[in-house]
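The values are calculated or read from the model by the stated rules, or taken from the named source; none is laboratory data. Since we're looking at a predicted model, the values are computed, not measured. So basically every Cβ, Gly included, is an ideal-geometry build from the backbone, and we count neighbours across all protein chains shown. Only protein heavy atoms, including side chains, enter the accessible area calculation; ligands, DNA and RNA are left aside. Shrake-Rupley method; radii C 1.70, N 1.55, O 1.52, S 1.80 Å.
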Amino acid sequence: FGKAREGNVSKEARIESSNTDFELEMADLEKMHEMKLISEEEFLARKDELTQKHAEEIAEIEMESWKGSLEVANQVLDQMSSAVSSAREAEYASLDAWKEKELAAAGDNAEKREQIEAEYEAKKLDIQKKYADIDLGIQIAKAVAAGALAVIQAWSQLGPIAGGVMAAVVAATTAAQIATMVAQRNAIKNSSVSSSSSTSTSTASA
């Protein structure tokens, strides 16, 4: 929160400084025009130049601010993802411990051991389904943030025209990534023990 506030203050200060410089330059230009030191044509051309320069400076400040905010958001999302992974692994570890305890108690009873294995797979799938929506939310947020950063960089490096074209490409790519994420989540949510028993281990470790 502190860094975000510091960034906002810096942004406001830079905008205020840019506005002040613009107003001073425009005032000087007006004086030169009133004193007939420059022609009307020169005055209008210089006025347009200063206005455009000021607009570009403000746009750059705004983009840098957005970029900083998105980078902070990515860091927060990474921390959330790590926390979720830790919680999930803890549940898997607890489930594995339960399975080992039950199998030890079952001894050589084949029927009982088979029931324990089936219950274990069902509980593991429940954990996968439990975290599927959480994972999807974080993944979509990260994809959107990454796409927004790519758009900002495209506009700043390529300009509004080529940057606009690249922005459309980034948007399409991000949409495709999200569609894939949703499909993967749906596959987990719609799976059953019989259909996922062969892949549940690999899914759990992903």
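A few points about this structure:
- Going by accessible surface with a 1.4 Å probe and the largest first, Thr174, Thr51 read Thr51, Thr174.
- Given charges at Cβ of Lys, Arg, Asp, Glu: the chain dipole, positive-most of Trp98, Ala55, Ser69: Trp98
- Nearest 10 degrees, 0 to 90: helix 110-189 Cα axis against the chain principal axis: 10
- Acute angle (nearest 10 degrees) that the helix 2-34 long axis makes with the longest principal axis of the chain, alpha-carbon atoms: 20
- Solvent-accessible surface (1.4 angstrom probe) belonging to Ser39, in square angstrom, nearest 10: 50
- The helix-based estimate of mean residue ellipticity at 222 nm for the chain, built from -39,500 (n - 2.57) per DSSP H run of four or more residues and divided by its residue count, is -34000 deg cm²/dmol to the nearest 500.
- Scattering profile of the chain at q = 0.07, 0.15 Å⁻¹ [log10 I(q)/I(0), Debye over alpha-carbon scatterers]: -0.44, -1.03
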